[in-house]
Amino acid sequence: MTWLIWRQHRTEVCVLGLLVGLFGVGLLVLGSQAHDLFPGGPVRCAGDAGTSEACTAALRRLDEEYGYIENLLAAFYLMPVVIGAFLGAPLLARELEDGTWQLAWTQAVPRMRWLAAKLAALAAVTVALTGLFTAVITWFRQPFDVWEGRFQYDAFDVEGLVPAAYALFAFGVATAAGAILRRSLPAFGVAFGAFLAARMAVASLARPAYATPLTATEPVAAGGATDQTGSRPAPTVADWMIDNGYADATGRRLTTLEYYELKDAADRAGANLNQFLHARGIQEYWVYHPADRFWTFQLIEAAVFIAVAAVLIGVVVWRVRRRIM
Amino acid sequence: MTATEFALRTDGVGKRYRKGWALRDCTLDLPAGGVIALVGPNGAGKTTLLRMVVGLLAPSTGTVEVLGHDVTASTPQTLSRIGFLAQDHPLYKRFTVAEMLRFGRATNLRFDQALAERRLATLGIPLDRRAGTLSGGQQAQVALALALAKRPDLLVLDEPVASLDPLARREFLQVLMGAVAEGGVTVLFSSHVVHELERVCDHLVVLNHGRVTLAGDIDTLLAEHRLLVGPRTATDLDRAGAVVEAVHSDRHTTLLVRDGGLPAAPGWQAQPVALEDLVLAYLRRPSEPGAAVTSGVAA
């Protein structure tokens with residue numbers, strides 16, 4: 001079976017391997033230059049140390065010289081679906097469209113063994129390729145993460161455990177769609193659509209709700225933001241900000257309209273806005289997930305996508321077992 | 001007779017798809033050895049039946065037993081005793097012929113590589129060509145060589161020659177019959193072409209509208225049936241349900257009867273019937289439940 005699986009899927013594996021290899025090497029080369037900006041390693045510029053002169057200079061150069069690559073990394077959101085769907089779509093669909101399922105399942109290898117071997121091998125390749133690529137991106141992003149945290153979409157979605165889970169999800173959708181539609185290309189399309197829809201929905205709706213966000217409030221300081229007196233500091237850039245705004249003295253949150261009315265009133269009175277707000281007991285609030293929840297959130301999101309992938313693979317197994325091809 | 005002397009036994013087999021029954025109440029006992037033809041028009045349920053015989057489809061009702069084993073179990077042992085050549089003889093188009101043989105070796109318990117190579121060499125099919133670049137006839141031969149190299153006890157072929165030109169068709173049947181002559185293998189194949197069957201087959205199963213309408217040993221069937229020609233008559237002709245078909249011309253009535261050779265009524269002439277006419281007469285009959293007529297070994 002090993003030889004057969006390799007012979008049947010080597011084109012996909014080689015193309016994807018080449019893709020991961022090329023982008024990976026490119027990122028390693030550029031990334032090592034970016035890392036060189038931080039002689040002691042980027043982690044030394046994390047937190048308060050980031051305000052030191054050397055770190056500020058390094059971060060500025062990083063932004064100027066490599067910021068554009070960071071923006072390009074957004075394209076790699078699609079890497080998991082390309083890998084997973086490209087390997088999953090033909091697994092059954094190609095056999096069904098060419099009629100070779102009748103050849104494959106009438107040899108002495110029982111179909112469930114055939115299916116188990118194929119699913120295991122191709123899922124393993126999916127995870128390995130995505131994992132490798134994620135490792136490179138995670139390393140590449142180290143200096144950027146020091147600066148921006150890992151909770152933003154351009155970090156969280158391409159680092160850690162979730163890309164491999166996304167890829168398995170795409171693999172599951174593509175395999176199941178291929179079994180039902182009996183065509184590789186439409187199966188690939190379905191996987192692509194499902195991937196974009198699921199990813200967007202989960203990232204924007206489900207992810208913020210994995211845990212109850214923390215809320216920090218602080219009275220507006222008369223002298224502006226630098227005059228920090230509160231015992232509960234505002235979240236840092238590494239935290240994931242969900243909501244931010246103003247509340248009145250009783251803690252009732254102000255709508256944007258109410259805030260602008262206050263601002264207009266301050267302008268009409270010719271007063272300094274901060275002093276004006278301070279005098280009225282207005283406080284600023286932040287709703288956020290602290291940066292140390294990163295791995296918890298990664299685990300939860302990975303589990304969600306892997307669970308869906310498992311259900312889809314279950315559908316495939318059920319169809320093949322029940323012989324409804 | 002013990003169970004293993006049957007190549008194939010089906011009991012009340014039916015297959016239901018979403019749009020209805022493709023096959024109903026199919027009960028067959030086919031002996032091991034020899035060549036069995038499954039005949040019927042397109043859409044009669046031949047492919048469905050064959051796919052159930054090789055374990056590709058699960059029956060909705062009834063049981064299928066091949067060589068004494070329930071095929072739905074699909075163990076490597078039962079699978080390796082059945083060779084299957086699907087319609088349009090699918091191959092992995094991008095594999096070379098040698099790789100197709102390697103596929104056979106990798107996925108079978110007993111695969112006779114030398115036998116396959118010998119057959120392909122005799123036919124002049126190069127091992128380094130990609131399967132997809134071979135002619136239709138050559139692809140069919142590769143698929144057949146692959147199925148025969150399994151050294152199956154039952155070889156099932158679905159419309160093996162339907163897509164081939166007359167020359168390739170003849171060559172294919174020659175190879176197939178050569179393999180049968182070497183012995184040990186029972187062949188079950190489907191066809192919607194009726195002529196030439198007599199030369200090739202020992203057994204016949206006629207399938208129409210998802211039901212078996214006739215099954216039996218060909219020699220026995222031909223001996224049991226005959227044509228009676230007499231003056232035109234419109235009266236009730238059925239003698240104990242023996243009339244299969246009545247055809248009236250201006251002056252004569254021709255009856256196809258299954259009476260086992262009873263003496264003809266006065267004024268009627270008896271003639272033997274050709275296999276093709278026999279099959280066509282059964283295919284023309286309106287389908288009705290329980291109309292299956294079987295004879296031969298099962299009787």
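Throughout, read-outs are computed from the coordinates displayed, never taken from laboratory work. Just so we're clear, the structure is a prediction, and the values are computed from it rather than from any experiment. Note that each Cβ is placed from the backbone with ideal geometry, even for glycine, and that neighbours are counted across all protein chains shown.
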Using r as the Cβ-Cβ distance of A:Ala271 and A:Leu214, and R0 as 30 Å, what FRET efficiency do you calculate, to the nearest 0.05? 0.40
Between A:Arg322 and B:Ala98, what is the spin-label point distance in nm, taking each point 7 Å from the Cα along the Cα→C-beta axis? 4.4
Output ³J(HN,Hα) for segment A:88-95: one whole-Hz value per residue in order, computed from phi by the Karplus curve 6.51 cos²θ - 1.76 cosθ + 1.60 with θ = phi - 60°, and x for Gly and Pro. x, 4, x, 3, 9, 4, 5, 5
Cut-off 17 Å, label 7 Å out along Cα→Cβ of A:Leu205, residues of segment A:274-301 by amide N: A:301
At a 4.7 angstrom Cβ threshold, list every cysteine in chain A that has nobody to pair with, or say none. A:Cys14
How far apart, in nm, are two points set 7 Å out from the Cα along the Cα-to-Cβ line at B:Tyr17 and at B:Leu109? 3.3
Extension gain A:Val311-A:Glu65, at 0.36 nm per residue separation less the Cα-Cα distance, in nm? 84.1 nm
What does the charge add up to near B:Thr75, with Lys and Arg as +1, Asp and Glu as -1, over the other residues with Cβ less than 13 Å from its Cβ? +2
Net charge contributed by nearby residues that have their C-beta within less than 13 Å of A:Met79 (K/R +1, D/E -1): -1
Where q = 0.09, 0.11 Å⁻¹, what log10 of I(q)/I(0) comes from the Debye formula for segment A:1-160, counting one point per Cα? -0.43, -0.57
In nm, to one decimal, how far is the A:Asn244 label point from the B:Ala181 one, both placed 7 Å along Cα→Cβ? 9.0
Please report the base-10 log of the normalised intensity I(q)/I(0) for segment A:214-291, using a Debye sum with one equal scatterer per alpha carbon and no solvent, at each q in 0.11, 0.18, 0.26 (1/Å). -0.29, -0.74, -1.27
So how do A:His35, B:His69 line up by other beta-carbon neighbours within 10 Å, fewest first? A:His35, B:His69
Quick calc, B:Ala121 & B:His248: beta-carbon distance into FRET formula, R0 56 Å, rounding 0.05, result 0.45
Rounded, prolate or oblate (a/c below 1.5 giving rounded, otherwise prolate when a/b exceeds b/c) for chain A by Cα gyration tensor: prolate
Anyone know which of A:Gly131, A:Gly172, A:Gly21 comes out most mobile in the 10 Å Cα GNM of chain A? A:Gly21
Kirkwood-Stokes translational diffusion coefficient of segment B:1-61, alpha-carbon pairs, 4 °C, 1.567 mPa s, µm²/s: 104
Write down, largest first, the equivalent ellipsoid semi-axes of the protein assembly as shown in whole Å, where each equals the square root of 5 times an eigenvalue of the alpha-carbon gyration tensor. 76, 29, 17
Residues in segment B:82-105 that a label on A:Ala117 would reach, taking backbone N under 11 Å of a point 7 Å out along Cα→Cβ: B:103-105
Rg and Dmax of segment B:3-209, using alpha carbons, in Å: what are they? 16.5, 47
